Every structure is written in structure tokens, then in C-alpha cells.
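This is the structure, below, for whatever I ask next.
The values are calculated or read from the model by the stated rules, or taken from the named source; none is laboratory data. A quick note: this is a predicted structure, and the numbers were derived from the prediction, not measured. Cβ atoms come from the backbone with ideal geometry, glycine included; neighbour counts cover every protein chain shown. Note: accessible area is taken over every heavy atom of the protein model, side chains too, but ligands, DNA and RNA are not part of it. Shrake-Rupley method; radii C 1.70, N 1.55, O 1.52, S 1.80 Å.
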Amino acid sequence: MVEKGIKIKIRHRDAVRLNFSKILLYAAMIGLACIMALPLVYVLGTAFKPIDELLKFPPVFFVKKPTLSNFSQLFLALDSSTVPFLRYLFNSVLVTALAVLGTIVVATMGGYAMSKLTVPFSKVLFTLVIIAMTFPGNVIQIPLYMIIKWLGLYNTYAALIVPKIAGAYGMFLMKQFCDQLPKPLLEAARIDGAGEFSIYMKIALPFLRPAWATLLVFTFTACWNDGAASLIYISDQSLRLLPVMLTAISENTNLARAGALAAASFIIMAPSLIIFILQQRRVMATMAHSGIK
Amino acid sequence: MKTSTIKAPATKASSPKKSWIKRWIQKYGMGSLFFMPFFILFVLFTIVPVLIGMAMSFTNYDMLMTPKFIGLDNYKNLFIFDENFAKALQNTFIIGGIAGPVGYLASFLFAWIINNMKMKKLFTVIFYAPSIAGSGMVVIWDYLFSGDRYGFINNLLINAGLIQSPIIWNADTDFIVPINILILVWGSMGTGFLVFMAGLQNLDPQLSESGRIDGIRNVFQELWFITLPQVKPQLLYGAINTIVVSLGVFPSFGGFPSPNYVAHTLAAHIQDYGFLRFEMGYASAVSMVLFFLSFGLGQVVIRLLSEREEKPVRKRRARG
């Protein structure tokens, strides 16, 4: 009896200590989460502040009287400037959509081929893909500029889309994920008389859905935020993308434009976040295959 | 684990009478067709640029005159005379060398902690979000580090009596580099963090159980002996990702080029010579330094962390 009592006491004490350290951990993590989130929340919230709250000092963190006037200012007031905001928005949407679509098509086809069909020199090619993942894009910035000029793509939307499509990471991810696709399934489809293309459409693509959803998230974010490409490969201001416009507004510090700047920041940041949150489950399911062995 | 040894027999069925072209098409035709779009674009926009860059780094190409071969002159100038290059190299190591490892360790640490917590999804979003926030964040950095006394940090410091007059953060050469590091660390929990999270979610629970039976006493022992070996592929991917991001760092705070080039990095140097001065040959030499640094470090990391399973497989196949 006595022994039992002691045992229970120890267990109880352990439980208390465990709970205490757990509470401490949660408190610390919530604090850190705040540090991570506050700048974002601030920027997202600022977009809805009326002008008097925007210029208040010390500034208010949360919006008191939310308004959409900053957005209307962005869409209407900036209309008079050389390139209207809507044009940048249109450019960004078009370029990002086509780049994302192209990347998904090219990467799923290539990954499927490399994993399930026979591609000549596939080992060498896959090694090249891995090598391409080990250096930053800045390395090829200059030759890319020249190739784009030679191909006559300079100052076209294509310059912002085509070079991005065959990313090494997309290929790598699709190949890794496709390795999980059971071969007998494909064999069965072939015996039933399905052509290679319909196998790709009806079996591979649905199977790869989490992987290409992930690629969609990453490619979207990369394209939507890429300001450098449209500065380098484009000289016509009316073909440039949103980040360029944002830097332009933020550089000429004009108090009247504070609202427009906040609204533009919102439009740049929100879509990537929303797309990630919507696809989070698929992204997490895919990323496990992102390891390099 | 997954070897491709089964590939070969597919062709055995074809009769030996067929010409080699037909046999090649039968074996490789479909694969090549599906692979072609990627192959063409990858060669044209990734492999060829690397080769052109390599070749161009030995020339004095400036977009106007035909390039002339000048041997190693660009590299000599870089390493001996170019003070900004020395600064860029040093800054890349300082900025990337601090933000990279800190971000990498933080990514793993937080992935590990969050994985054992409730509300995983919410915490994942919050920690990952800064890395995809992108250029919209200038609004907050401009406000936090504003050079007048109404800037958040200046105001805080003045009220606390630590400084008398406001610090002009984006022009003060002492602060541009640290602020850049801070911003980078804040946004460093990106793809690597997600990969770690995913790896940790797919751990084999049997292994940690048998570990406990074998005398694993606390969470740290479990982390070291049971968990880390299981997520090695993810650790390797994260490491390569970190290297690429850190070495390719472009200072986002302080303008370009930064005052007195204090925050100049290799990526900024490429931009500077390539697109401001149009000395393409010289800029290519800088690109090649960046390429070999990144590629070399990548290879070192692959050697260290790769599960070398391929070698025995190859040997077996060679014998058989």
C-alpha cells in the first residue's frame, strides 16, 4: 500500500512538472509566433486604415475605422500616372498564371517520363537537375539576358515566362513523387489499351495532384514576388510587374501616397498567403518527398 | 532502396530483326517525347547560360564590341584590384554566413517543436508566412527603421533615453548589414522549414518505441539517435536550399548600391557590373565565383549528409 502511494505521488509530480514545462513552451512559442506575425498583420491591416489613422503618431496597430479608400486611391488616383495600376496588376496576373501553368505541365510530363518511362541518359540528366538546384539564379542572370535578347524575347511577356518554366526544383519534385506511383497500375492500364498520353492524363496527373498543387504554390509565390526579372528583361514600363510598381511608389516618399502604398502591399502579399493556406495540406503531404537521398 | 534495375527487360520482346532506330524509338520514344519540353527549356535557359557565363568570364564583352579573349584577366582584377569585390565576398560570407545557419537551425528547431504541439497547422502558417511575404514588407521596414524621430525604433530609443538624435538607419553604414541580417532571419523559415515539418510528420513510431526500450532516456537523445537519422534526406535538401539562398543574397534594405557599398554582396556585384556598367565579361567572372562557391559547398554537404546507397547497387549491377 505504502509503495503504491509513493508511486502515485511521483507520477503526479511528474505530471505537474510536465504540464509546467509544456505551458512554458506554449507561452514561448506563442510569443515567438507574435514576433513572426506582427509585421505581417501590421502591413495587412494598414491597407484598410483611413488617412487620419495612417498618419497618426504614435501609430495605431489595429484599424479602428476600416475603409477601402486606399484601394480606390490605388486604382483611380494612380490612373493618371504614366502606367495605371490596373496595367501592372494585369501584367502580373497574366505572367504568373502562364508561368505557373507552364511549369506544372512541363514538370509533370518530365517527371512522369523520368520516373515511369525510359528516357535516354536519365541518370546524367537527373544529376544535372540536382546540380542546377545547388546554385542561385543570379549566376545565370547575365547569360540569360543575352539569350533572351538573341531569341528576340526582350521586352515581351515571354521573357518573364518562358525561362522560368523548366525549373530544376519542379522536375526534381515530380520525379520523386512519381516514384511512389505503383507500376502495376500503369501496366494494367496499358493492357486495357490506354495510350501513353491518356495514362498521363487519367492516372499520373490525378496521382500527382498534391505535388503539382505544391508546385503551384511555390511557383506562384516566386513569380508574384519577382521584381528583378521585369526590371532586367523589360525596358517598356507598361510591361513591368507589380513589385516594380511597389518599389516605385515606396521610393518617392509622398505622404499622400501612403495609403496607396499600403493597399499595393496588401495586393502583393495576400494572394501568396491565401494560396498557401488553401493548399497547406497538399503541400505538407508533398514536401516529405522533397528529401535528397 | 528503389533501384531502376527492372527497366531493361522491356526491350527483350522486340525481335532482333528490327533496325536499331526502330528499337530505340520503341524503348525511348515515349519517354523522350514526354521529357522533350522540359529538356529543351532546361538546356536553353539553365545549362547553356552556365556554359556561356563560363566562356564569357574569359572575355572583355561589353555589349558593344565583339568579345575578345583575355584569359584570366577578369579573375586577376577581381581578386587583386577590385575592392568592392572583396567587400561583396566578405559581406556574402557575413550576411549569408549568419542568416543562413541561424535560419537553418531555427527552421529545424521550430519544425521539431511545432510538430510536437497542438494547432500545428496554425503555427506552421505563422512561421512560414514571412518567407513568402515578399516585397510588400518594405512598408513595415520603412516604418520600423525610418530615419526620423517618428520611426518606431528611433522613437523607442529616444524615449528610453538611449540616443539623443535619431539614427538614419538606411544610410548609417554601421547598421545596414545587421538590419539586412535581421530581415533575412525573420523570413528564413521557408521551404526548408516545410520540408523539415513534412519529414518529421512521417517518422516511424516503431523506431522511437524500440529506442525507448533500448534505453533512450530523454527527448534530446531521441532527437539525436532516432529522429535525425530518419530525416537525413530532408536535412540535406534544407541544407542545399539554405546554401543557395544565403550565397545568392541580395541586400533588400539600404538601397542598391548601398552607401559606400557597405552591404554589397556577390549578387549585388553581378547586378552592378552586368546591368549598371554593362561589363558583361567581368560580371560573368563574378557569376562564376558565385557558381563555384555554391556548387562546391553543395557538393560538400551532399557528401556529408547523403545516404550513400548508390555505390553498392552499382557494383552489384556491374557484376551481374
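In the stretch B:104-189, if the dipole is taken from +1 on Lys/Arg beta carbons and -1 on Asp/Glu beta carbons about the Cα centre, which of B:ILE158, B:TYR128, B:VAL138 is farthest to the positive end?
B:TYR128
Leaving out ligands, DNA and RNA, and with a 1.4 Å probe, what % of the accessible surface on chain A is carbon or sulfur?
Working: 9570 of 13640 Å².
Roughly 70 percent, rounded to a whole number.
Counting other Cβ atoms within 10 Å of each Cβ, which trypsin sites (Lys or Arg not before Pro) in the stretch B:226-315 have at most 13 and sit in a DSSP loop?
Values: sites: B:ARG277, B:ARG303, B:ARG308, B:ARG314, B:LYS315; in loops: B:ARG277, B:ARG308.
When the trypsin sites (Lys or Arg not before Pro) of the stretch B:226-315 are filtered for loop state and at most 13 Cβ neighbours within 10 Å, B:ARG277, B:ARG308 remain.
Which aspartates and glutamates, on any chain, are close to A:LYS123 with Cα under 19 Å apart, when same-chain ones fewer than 8 places away are left out?
A:ASP179, B:GLU307, B:GLU309, B:GLU310
Whole-Hz ³J(HN,Hα) for each residue in the stretch B:25-38, computed from phi via Karplus 6.51 cos²θ - 1.76 cosθ + 1.60 with θ = phi - 60°, x for glycine and proline: what do you get?
Residue by residue, the stretch B:25-38 yields 5, 4, 7, 9, x, 4, x, 5, 4, 5, 7, 3, x, 4 Hz.
Next up: Which distance in Å, rounded to a whole number, links the C-alpha centroids of the stretch B:98-139 and the stretch B:249-284?
Cα centroid to Cα centroid, the span is 29 Å.
Work out the charge dipole of the stretch B:161-320 with +1 on the Cβ of Lys and Arg and -1 on the Cβ of Asp and Glu about the Cα centre, then indicate which of B:ALA263, B:ASN202, B:TRP186 is farthest towards its positive end.
Looking along the dipole axis, the top candidate is B:ASN202.
Summing Lys, Arg as +1 and Asp, Glu as -1, what charge do residues with Cβ under 13 Å from the Cβ of A:TYR233 carry, A:TYR233 excluded?
Values: positive: A:LYS149, A:LYS164, A:ARG240; negative: A:ASP226, A:ASP236.
Here the count lands on +1.
As a test of the definition: with a 1.4 Å probe, what buried accessible area, both sides summed, do you compute for A against B, in Å² to the nearest 100?
Details: alone 17780 and 20930 Å², together 30560 Å².
That pair of chains buries around 8200 Å² in total.
Just how large is the dipole of the stretch B:74-319 about the Cα centre, in debye to the nearest 20, putting +1 at every Lys and Arg Cβ and -1 at every Asp and Glu Cβ? It would help to have the intermediate numbers written out before the result.
On the way: 18 positive and 15 negative charges, 245 e Å.
Once rounded to the nearest 20, the dipole reads 1180 debye.
Identify, among A:LEU160, A:LEU94, A:ALA270, the residue whose Cα sits farthest towards the positive end of the charge dipole of chain A, taking +1 on the Cβ of Lys and Arg and -1 on the Cβ of Asp and Glu, with the dipole about the Cα centre.
Of the options given, the answer is A:ALA270.
Under unit Cβ charges (Lys, Arg +1; Asp, Glu -1), what dipole magnitude, rounded to 20 debye, does the protein assembly as shown have relative to its Cα centre? Don't jump to the answer; show the numbers that get you there.
Details: 53 positive and 29 negative charges, 640 e Å.
About 3080 debye.
Would you mind putting B:165-175, A:104-114, B:26-36 in packing order, based on average other-beta-carbon counts within 10 Å, highest first? Kindly include the intermediate steps, with their values, before the conclusion.
Numbers: B:165-175: 15.5, A:104-114: 25.0, B:26-36: 18.6.
Going by the mean number of other Cβ atoms within 10 Å, highest first, we get A:104-114, B:26-36, B:165-175.
Hey, can you rank B:202-215, A:25-38 by average C-beta count inside 10 Å, highest first? Mind showing how you got there, number by number?
Numbers: B:202-215: 11.4, A:25-38: 13.7.
In descending order of packing, they fall as A:25-38, B:202-215.
With a 1.4 Å probe and every protein chain left in place, work out the accessible area per residue of chain B in Å², rounded to a whole number. List each step's numbers first, then the result.
Working: 16910 Å² over 320 residues.
Here the residues of chain B average 53 Å² of exposed surface.
Within 10 Å of each Cβ of B:184-197, how many other protein chain Cβ atoms are there on average? Numbers along the way, then the final one.
Working: counts 0, 0, 3, 2, 0, 1, 2, 7, 2, 1, 11, 8, 3, 4.
Mean partner-chain Cβ count within 10 Å for B:184-197: 3.
For B:THR59, which sequence-distant residues (separation of 5 or more, or a different chain) have an amide H within less than 5 Å of its own amide H, given hydrogens modelled in the peptide plane?
B:ILE70
Across the stretch A:100-110, in residue order, what do the Karplus-derived ³J(HN,Hα) couplings come to in whole Hz, using 6.51 cos²θ - 1.76 cosθ + 1.60 with θ = phi - 60° and x for Gly and Pro?
5, 4, x, 4, 5, 4, 5, 6, 5, 4, x
Quick one: Karplus J couplings for the stretch A:165-177, per residue in order, coefficients 6.51, -1.76, 1.60, θ = phi - 60°, nearest Hz, x for Gly and Pro?
Karplus values, whole Hz, x for Gly and Pro: 5, 8, x, 5, 5, x, 4, 4, 4, 5, 5, 4, 5.
Peptide A:103-116: average number of partner chain Cβ atoms within 10 Å per residue? Could you put the intermediate results ahead of the total?
Values: counts 2, 0, 2, 8, 2, 2, 6, 9, 3, 3, 11, 4, 3, 3.
Averaged over the peptide's residues, the number is 4.
Based on the mean of other beta carbon atoms within 10 Å per residue, what is the order of A:56-68, A:276-288, most packed first? Working shown, then result.
Working: A:56-68: 11.8, A:276-288: 19.4.
So the order, starting with the most tightly packed, is A:276-288, A:56-68.
Next question, about the same structure. Just to confirm a number: summing +1 for Lys and Arg and -1 for Asp and Glu over residues other than B:HIS269 whose beta-carbon lies under 13 angstrom from that of B:HIS269, what do you get?
Numbers: positive: B:LYS87, B:ARG277; negative: B:ASP82, B:GLU83, B:ASP272, B:GLU279.
Its environment carries a net charge of -2.
Then there's this: Between beta-carbons, use under 12 Å as the cut-off and find the net charge around B:PHE253, counting Lys and Arg +1, Asp and Glu -1. Numbers along the way, then the final one.
Values: positive: none; negative: B:ASP142, B:ASP172.
Once positives and negatives cancel, what remains is -2.
I need the per residue convex hull volume for the stretch A:85-170, using only the alpha carbons, in cubic angstrom as a whole number. Spell out each step's value before the answer.
Details: hull volume 9.7 nm³, N = 86.
Considering the Cα atoms of the stretch A:85-170, their hull volume per residue is 112 Å³.
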